[in-house]
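Below: the structure, in structure tokens.
None of the figures in this text is laboratory data; all of them are computed from the coordinates on show. Owing to the predicted nature of the structure, the values given are computational and were not obtained by experimental measurement. FYI the Cβ positions are ideal-geometry reconstructions off the backbone, even for glycines, and counts take in every protein chain you see.
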Amino acid sequence: MTADTRRIEADIYERLSRVIDPELGRSVTDLGMIAAINAVPAESSTDGNRPAYDVTVHVELTVEGCPLSETITNQINGAVASYPNATLTPHIEVSSMSRDKLDDLVADLKAERKQNPFNKPGIKTRIFAIASGKGGVGKSSVTANLAATFAALGYDTAAIDADIYGFSLPRLFGVHTQPTNLNGMLMPVTAWGVKLISIGMFAGADRAILWRGPRLQRSLEQFLSDVWWGEPDVLLLDLAPGTGDMAISVAQALPNAELVVVTTPQPSASDVAVRSGLVALQVPMKVRGVVENMSYYEHKGERLRIFGRGGGERVSRQLTDALGYDVPLMAQLPLEPELRETGEAGRPAVLDEDGALRGDGLGTEFKALAERLIG
């Protein structure tokens with residue numbers, strides 16, 4: 001081996017330290033995924049002024065058939081092919097880690113995290129628990145579109161479907177796969193830029209689930225501590241409607257969470273929405289604000305108030321009075337059939353087909369809500 005080939009191999013290894021495994025959020029070199037790099041002079045070069053080499057990179061994936069292996073290999077190919085000091089032709093050889101090596105990696109990751117990663121001192125993740133007093137007000141749709149908005153704005157975004165009775169986030173994001181199991185540690189499924197976990201992703205999830213008390217608490221703990229989240233900027237939780245065990249479990253597990261109450265304009269919805277916000281009187285969780293969904297329907301330039309008006313303002317006013325601090329009405333979202341139709345097709349309605357944030361009314365409304373929450 002010549003000094004030139006050793007230098008190229010060292011340079012490539014350094015360049016690969018900037019290739020990030022999209023599931024674990026760490027570089028492929030830190031994770032031990034680069035088993036070897038071999039550079040050999042090539043017989044010919046398209047550029048006679050630059051030396052040419054064939055570079056073989058031996059990559060060991062964490063699991064066989066890793067769903068994001070193509071993403072990783074494409075990044076490695078790009079890092080090699082864009083080398084500035086020579087013409088390099090990349091050759092990627094992919095295999096899987098040995099069981100012992102994978103066991104050591106998972107042990108290191110678990111030791112680093114140890115427990116619920118969102119409850120440790122200094123955590124910078126903003127956590128928003130989306131709640132409603134009753135079902136049918138579009139809480140899950142608001143959660144999905146808000147998460148997609150944060151992701152489209154460039155935030156590292158995660159979402160937990162904590163509504164284990166009526167889980168709907170997988171459908172709203174078009175997810176039909178299960179999380180990757182990395183020796184007992186789960187990788188969340190990523191869709192439309194959002195890292196997701198839901199009981200609906202697991203086998204048998206179509207059966208009725210009747211969990212209460214300790215088992216319900218354990219389901220949330222598993223979602224928090226047995227899933228590798230990395231360090232997202234934003235975590236959203238889609239809570240079950242009402243003021244039941246899960247809302248209290250979230251408050252106990254995530255005391256730094258901020259509650260966002262979703263209601264619709266009519267009194268029947270707003271009255272029970274107030275009760276979901278009053279959970280904050282019993283637990284250390286701040287109510288950040290109120291979102292009124294289905295506020296109006298835009299028709300020929302006129303806003304039709306199909307479900308009446310004033311529900312969001314009533315919830316905001318009553319929670320402000322009861323809690324002793326300002327609980328603002330943060331958004332009044334329109335009733336749009338596309339919100340349901342596009343969501344049921346597996347794409348949050350705030351995104352266009354390319355995954356970019358829409359520039360019209362719905363995209364503007366959710367962008368304003370996301371920026372107000374994160375501000």
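Exposed loop sites were defined as GluC sites (Glu not before Pro) in DSSP loop states (anything but H, G, I, E or B) carrying at most 11 other C-beta atoms within 10 Å; in the chain the longest segment without such a site runs 65-352.
Over region 3-97, the pair-distance histogram of Cα-Cα distances with 10 Å bins from zero comes to 17, 51, 25, 8, 0 percent, rounded to whole numbers.
Helix 267-277 and the longest principal axis of the C-alpha atoms of the chain enclose an angle of approximately 60°.
Subtracting the Cα-Cα distance of Val63 and Lys110 from their residue separation scaled by 0.36 nm leaves 15.2 nm. Please check which bits of region 349-375 a label hung off Glu258 would reach, taking the label as a point 7 Å along Cα-to-C-beta and the cut-off as backbone N under 13 Å. Within reach of a label on Glu258: 369-375.
Under the simplified labelling scheme, the Asn49-His91 pair shows an inter-label distance of 2.9 nm, with each label point 7 Å from Cα along Cα→Cβ.
Which FRET efficiency value, to the nearest 0.05, is calculated for Gln266 and Leu323 with the Förster distance at 22 angstrom and r the Cβ-Cβ distance? Provide the component values of the computation, followed by the final result.
Values: r = 23 Å, r/R0 = 1.04.
Here the calculated transfer efficiency is 0.45.
Exposed loop positions in the chain were taken to be chymotrypsin sites (Phe, Trp or Tyr not before Pro) whose DSSP state is not H, G, I, E or B and which have at most 14 other beta-carbon atoms within 10 angstrom. Between these positions, the longest stretch is 1-201.
By the gyration tensor of its Cα atoms, with a ≥ b ≥ c the square roots of the eigenvalues, what is the shape of region 134-192: rounded for a/c under 1.5, prolate for a/b over b/c, or oblate?
Values: a/c = 2.22, a/b = 1.27, b/c = 1.75.
Verdict is oblate for region 134-192.
Taking the Cα centre of the chain as reference, the dipole from Cβ charges on Lys and Arg (+1) and Asp and Glu (-1) amounts to some 1500 debye. Note on Val40 and Ile306: their simple-model spin labels are 6.8 nm apart, each label 7 Å out from Cα toward Cβ.
Here's the list of aspartates and glutamates a cross-link from Lys300 could span, going by alpha-carbon distance under 17 Å and ignoring same-chain residues fewer than 8 apart: Glu336, Glu338, Asp360. The modelled label-to-label distance between Glu371 and His299, using points 7 Å beyond Cα along the C-beta direction, is 3.2 nm. The lysines whose alpha-carbon is closer than 22 Å to the alpha-carbon of Lys110, local same-chain residues fewer than 8 away aside, are Lys101, Lys120, Lys124, Lys195.
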